[in-house]
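Worksheet: one structure, shown below.
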Amino acid sequence: METTLIILKPDAVQRGLMGQIISRFENKGLAIVGCRMMTISQELAAVHYEAHKERPFYKGLVAFMTSSPVLVMAVRGVGAIDIARKMMGATFGSTAEPGTIRGDYGVSNSFNLIHGSDSADAAEREIGLFFNDGEVQNPSRAIEGWVYDMSGDQPE
Ligand code: IDP
Ligand code: MG
C-alpha cells in the first residue's frame, strides 16, 4: 500500500470542486486516510516547492498556493502515487486530457486545481510536511476485500 499527498489548490476550493474531486478518488477505490483544511504559509510553500525555486513561475506559484485555503489529503491504495497522478492529468489545464481532473475542470496552466506527489520519496517527504505524527489514519476498511482481490499474499 502507498500513501500519496494530494492538495486541492485554492482554485479548487474556491470553485466548490472539493466534493467532486474527492468523489473521484473514493469512486476509484482509493482511501482518504488524512484530511485537513489550511491556509499554506509562505514558509511551508517555499519548502514544499523548493525544487522549483529557480523556475520563472515560482513566485506566482507560491503567491497562488498561499492566497486562500487548500484541502490537504493523504490518499492510500496499491500504486496510489501513480494512479493519482494519472487521475490528475498533465500539468497544464489547457492540454490535460478530458477524463482527468485537470482536463475536465480547468483551462489554466497555473491554476491547475490539484497537487499530487510524483514519487515515493516525494510522498513521504510531503506527508511529513503537511501532517503531524498520528494525523494520518490507519483504518481497516470494511470494503477492502471487494476493492481488492485479497485471495493471495498481497491485495491485487
Ligand atoms: P505538477 O503539479 O504536474 O507536478 P510541476 O512541474 O511539478 O507540475 O509544477 C508544479 C506547479 O507549478 C504546477 O502544478 C503548476 O501549478 C505550476 N507550474 C508549473 N509549470 C508552470 C508554468 O509554466 N507556468 C505557470 N505555472 C506553472
Ligand atoms: Mg510536481
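Laboratory data are not the source of any read-out in this text; all were calculated from the coordinates shown. These figures come from a predicted structure and were not determined experimentally. Cβ atoms come from the backbone with ideal geometry, glycine included; neighbour counts cover every protein chain shown.
How many nm separate the modelled label positions at F111 and E135, each set 7 Å beyond the Cα in the direction of the Cβ?
Reported label-point gap for F111 and E135 is 2.7 nm.
Which order do S94, S140 fall in if you start with the one that has the fewest other Cβ atoms within 10 Å?
Arranged by neighbour count, lowest to highest, S94, S140 become S140, S94.
With only Lys, Arg, Asp and Glu charged, each at its Cβ (+1 for the first two, -1 for the last two), find how big the charge dipole of segment 93-156 is about the Cα centre; round to the nearest 20 debye.
It works out to roughly 320 debye.
Could you please report the charge total around F111, scoring K, R as +1 and D, E as -1 over all other residues with beta-carbon less than 13 angstrom from its beta-carbon?
+2
Using label points projected 7 Å from each Cα along Cα→Cβ, tell me how many nm separate Q42 and M18, to one decimal.
Placing both labels 7 Å beyond Cα along the Cβ direction yields 2.6 nm.
With charges only on Cβ, +1 for K and R and -1 for D and E, what is the dipole size of the chain about its Cα centre, in debye, rounded to 20?
640
Looking at segment 42-149, which trypsin sites (Lys or Arg not before Pro) are in a loop (DSSP not H, G, I, E or B) and have at most 13 other Cβ atoms within 10 Å?
Hits after loop and neighbour filter: K53, R141.
Give me D for segment 1-155 in µm² s⁻¹, whole number, from Stokes-Einstein with Rh from the Kirkwood sum over alpha-carbon pairs, 4 °C and 1.567 mPa s.
For the chosen part, D equals 81 µm²/s.
Would you calculate, for the chain, the mean residue ellipticity at 222 nm contributed by helices, counting each DSSP H stretch of 4 or more residues as -39,500 (n - 2.57) and dividing by all residues, to the nearest 500?
Per the formula, -10000 deg cm²/dmol.
Taking the Cα centre of each part, how many Å lie between segment 103-134 and segment 36-81?
Each part reduced to its Cα centre gives a spacing of 7 Å.
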